[in-house]
Amino acid sequence: MKVIFVGDGETALFFQLEGIETRVVENEIEFIEELKKIKKSKVYGLMVVTEDVVKMAKSSIDSLRFSKELPLVIDIPSIKGKVKEKISLSDYIREAIGVKI
């Protein structure tokens, strides 16, 4: 299973540098279209989204989170967002799925 990032272009650059596939979305309609493609492909086990994406497409993300379908969804602050404390991507994943990686 692969990891995919969905969010703004600036944050996507950091994931691309790590070799993670990214999709840039600007609004809820674009997110829903990308989500359909991601779910249809059935190759992604984890989808990382920015908090901005969660705000604009909350109902779609919540329905995916509470279903038993893949991919699992975790949200992170965007590059533009404010972080209260320094936290690593693995900490976000552990918080989302309850397993340390």
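What follows draws every value from the coordinates through simple rules; no lab data is involved. Here the structure is a predicted model, which means the values were calculated and not measured. When we count neighbours, we look across all protein chains shown, and the Cβ atoms used for this are built from the backbone with ideal geometry, even at glycine.
Observations on the model:
- ³J(HN,Hα) computed for each position of segment 69-76 - Karplus, 6.51 cos²θ - 1.76 cosθ + 1.60, integer Hz, glycine/proline x: 8, 8, x, 5, 10, 10, 10, 10
- Across all Cα pairs in segment 1-82, the calculated P(r) in 5 Å bins from zero up to the longest distance comes to 3, 16, 29, 29, 17, 5, 1 percent per bin.
- Derived scalar couplings ³J(HN,Hα) [segment 26-36; Karplus, 6.51 cos²θ - 1.76 cosθ + 1.60; whole Hz; x for Gly, Pro]: 10, 8, 5, 5, 4, 4, 4, 5, 5, 4, 4
- Mean Cβ neighbour count within 10 Å, used as a protection proxy, ranking 49-62, 6-19 highest first: 49-62, 6-19
- For residue 76, the residues whose amide H sits under 5 Å from its own are 49, 50, 51, ignoring neighbours fewer than 5 places away on the same chain, with H placed 1.01 Å from N.
- Greater than 18 Å apart at Cα, pairs in 2/55; 36/58; 2/80; 40/68: 2/55; 2/80
- Where labels lie 7 Å past Cα in the beta-carbon direction, separation of residue 10 and residue 94 in nm: 2.9
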